[in-house]
Amino acid sequence: MGITRANLRKKRRSNGETLDQTYPQMQPEALKKRKPHEIDADLPGFGQFYCVPCSRYFVDEPTLLVHSQSKFHKKRLRQLKERPYDHDEALRAAGSGGIDNGPKLNRGKTSSSSSTTKVMNDEE
């Protein structure tokens, strides 16, 4: 039993972090706060060459530049342009989340003085 084309199609590339995890890191405020990575011998390129949108480390600067021109990187940037769904928005779309019906009315909490004046005005 060898490798068939059907088995090859099932293999998918791991995207690392999902869009909803990466989106906050791509915001201008987060990019300004971003600090250079510390040297880590366990990561490729000692953790110095990192692509934020794709959540990937690279061995050196030329490899990172080639990646930035790749189809995968450009697709990821397009996906990150729009805000991903959050959990609450998904629940509302499914019909089981919190519903916004506007401001709550004070039903049943009317003061007795306002109701008595209303009754007096009706009698006149």
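Every number in this text was worked out from the coordinates using simple rules, so none of it is lab data. Owing to the predicted nature of the structure, the values given are computational and were not obtained by experimental measurement. Because the Cβ atoms are built from the backbone with ideal geometry, glycine has one as well, and the counts that use them run over all protein chains shown.
Taking the stretch 63-99 as the search range and keeping residues that are among the acidic types (Asp, Glu) and in a helix (DSSP H, G or I), which one is surrounded by the most Cβ atoms within 10 Å (Cβ to Cβ)?
So, considering only residues that are among the acidic types (Asp, Glu) and in a helix (DSSP H, G or I), the one surrounded by the most Cβ atoms within 10 Å (Cβ to Cβ) is GLU89.
Cβ-Cβ below 8 Å, separation at least six or inter-chain, first residue in the stretch 84-95 and without any contact (Cβ under 8 Å) to a residue 60 or more places away in the chain, second loosely packed, with under 11 Cβ neighbours inside 10 Å: which pairs?
Hits for this filter: ASP88/GLY98; LEU91/GLY98; ARG92/GLY98; ARG92/ILE99.
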